[in-house]
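The values are calculated or read from the model by the stated rules, or taken from the named source; none is laboratory data. The structure displayed is predicted, hence computed values, not measured ones. Cβ placement follows ideal geometry from the backbone for every residue including glycine, while neighbour counts extend to all protein chains displayed. Each accessible area value is taken on the protein alone, full model and side chains, heavy atoms only, with ligands, DNA and RNA left out. Shrake-Rupley method; radii C 1.70, N 1.55, O 1.52, S 1.80 Å.
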Amino acid sequence: MKKIYSLAVMMATVTAVMAQPAATAEKKDSVDKNKPVFTVIKENPITSVKNQARSGTCWNYSTLSFFEAEILKKKNKTYDLCEMFVCNKNYMDRAVVKVRMHGDAQFSQGGSAYDVLYVLKTYGICPEEAMPAPGTMYGDTLNNFNEFFGVMEPYVDAVAKSTAKTISPTWKNGLQGILDAYLGKCPETFKYEGKTYTPTQFAESLGLDWNDYVTITSYTHHPFYTAFPVEVQDNWRQPHSWNLPIDEMAAVIDNAIMNGYTVAWGGDVSESGFTRNGIALLIDEKAPQGLEGSDMAKWLKLSAAEKKDKIKEAGVSVKELTPSQEQRQKEYDNWTLTDDHGMLIYGIAKDQTGREYYMVKNSWGTDNEYKGTWYMSKNFIIAKTMDYMVNKNAIPKDIRKKLGI
């Protein structure tokens, strides 16, 4: 009896062990069958992914990536342009505006694509190697603007809200000291590939025409085919964007990518459809996703984190909304479409269901599933765009004619 019992136990154990991989495989298949499998339709050359780390400088990293891609397209040469040079110049300019406005203006880490263009045109640029590496001025290996802005913001605020009858220009010297201490001094001259440049000479050597660059948006509170400054706080220089209907705003992006250009995109990534693992979908947050046999009430009771888990599990089976002009305007006016983040659109891909995505370079390092790239559905991009910068030569001729550019 003991032998039979022992044999039975052994057989049961073997059966269980043999069954475990099959069960695991079955479970894995049930989870992974909806995982996106991407096929590239068009991919344009870009420079390496960087990491903005603990700094609100996405506008800077994304736009310099855009200009680096423009140089790649024009000269087939790779440059690593210096983000901290742009920060040093831009934060001084922004502080000057706040002081001129007696404090009635925002001073923050954020900015716009136009800020980078303005710095390139006005002050020039240097390569990354011509200034200290980000974070090294205060003993870090990457950007950390917490202490930096903790020192700088009160300083600027104190000057801007001073009770003095007149303000001397001396405050700029103090602010420049803070900027240089945390970011490094902008070089007056430097050597690059054996030649000496000033920042303006180096910018000129890049071979780009700064007049080629425009920004595009799409809202109904201004007439289409006219230009206006998009009313968000970080658009503090008040550059004008061309206003297009939503379908033409989308057509410009597609035309740019398919003709070898990239797009410096700014928009809203605070939605639950934007995931940290490199996917963004325009989901209907009021509808259940991946909850078979469940009702709407159960979906609505889930936390934001639980919803994201369900969305990730549902994968390519997630149902998307169709973006509309009316919804874009509604969300802009009620503050749910916000100016959160800047990235670089550089390609188009599709998943196994045929859904199309833009391939988007982020500035959060390479520690995600797609090594720093996000696959953002076309629906998501069109619905959540605040504005974007593009080479005007990438705009379809019929749309350029309507704009008169």
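A few comments on the model shown:
- For ASP387, the residues whose modelled amide H falls within less than 5 Å of its own, excluding neighbours fewer than 5 places apart on the same chain, are GLY266.
- Listed by chain and number, the aspartates and glutamates whose C-alpha is less than 12 Å from the C-alpha of LYS50, apart from same-chain residues fewer than 8 away, are ASP80, GLU83, GLU128, ASP367.
- Per-residue HN-Hα couplings for the range 383-393 [Karplus 6.51, -1.76, 1.60; θ = phi - 60°; Hz; x = Gly/Pro]: 6, 10, 6, 8, 6, 8, 9, 8, 5, 4, 6
- Using θ = phi - 60° and Karplus 6.51 cos²θ - 1.76 cosθ + 1.60, couplings along the range 327-339 (whole Hz; Gly, Pro as x): 5, 4, 5, 4, 6, 5, 6, 9, 6, 8, 9, 10, 8
- Accessible solvent surface per residue of the chain, calculated while the other protein chains remain in place, 1.4 angstrom probe, Å²: 49 Å²
- Violating pairs (Cα-Cα greater than 29 angstrom) within the set LYS74/LYS397; LYS74/LYS319; LYS35/LYS75: LYS74/LYS319; LYS35/LYS75
- Between ARG100 and ASN259, the FRET efficiency estimated from the beta carbon spacing at R0 = 60 angstrom works out to 0.90.
- Amide H contacts of HIS341 (H built 1.01 Å from N, under 5 Å, at least 5 apart or other chain): GLY267, VAL269
- Cα-based Lys pair tally, the range 77-208, threshold under 20 Å, eight or more apart or on separate chains: 12
- When only alpha carbons are used to place a centre, the range 60-113 and the range 163-221 end up 8 Å from one another.
- Backbone amide hydrogens, once placed in the peptide plane, bring ASP284 within less than 5 Å of LEU321, excluding anything fewer than 5 places away on its chain.
- Modelled FRET efficiency - R0 22 Å, TYR370 with LYS42, Cβ distances, 0.05 increments: 0.85
- Taken over the alpha carbons of the range 181-269 as equal point scatterers, the Debye sum produces base-10 log I(q)/I(0) values at 0.17, 0.18, 0.21 Å⁻¹ of -0.92, -0.96, -1.08.
- Residues in the range 354-392 that a label on ASP284 would reach, taking backbone N under 19 Å of a point 7 Å out along Cα→Cβ: 355-356, 377-384
- FRET E, pair LYS75, THR122, Förster distance 22 Å, beta-carbon r, rounded to 0.05: 0.45
- Listed values (1) 0.95; (2) 1.07; (3) 1.00, entry calculated as Rg/Rh (Cα atoms, Kirkwood Rh): (2)
- Beta bridge orientation in the chain: antiparallel %, DSSP, nearest 5: 90 percent
- The residues packed around ALA280, meaning those with a beta-carbon under 11 Å from its beta-carbon, carry a net charge of 0 if Lys and Arg are +1 and Asp and Glu are -1.
- Rolling a 1.4 Å probe over the protein heavy atoms of the chain, with every protein chain left in place, gives an accessible area that is 54 percent carbon and sulfur.
- Order of exposure, largest accessible area first, which applies to HIS102, HIS240 with probe 1.4 Å: HIS102, HIS240
- Inter-label distance for VAL316 and THR226, nm, one decimal - labels placed 7 Å from Cα along Cα-to-Cβ: 4.5 nm
- Helix 246-258 vs. the chain, principal-axis angle (Cα, 0 to 90°, nearest 10): 90 degrees
- Against the main long axis of the alpha-carbon atoms of the chain, helix 83-100 sits at an angle near 60°.
- For the range 175-186, 3J(HN,Hα) per residue [Karplus equation, 6.51 cos²θ - 1.76 cosθ + 1.60, θ = phi - 60°, Hz, x = Gly/Pro]: 5, 4, x, 5, 4, 5, 5, 9, 10, x, 6, 6
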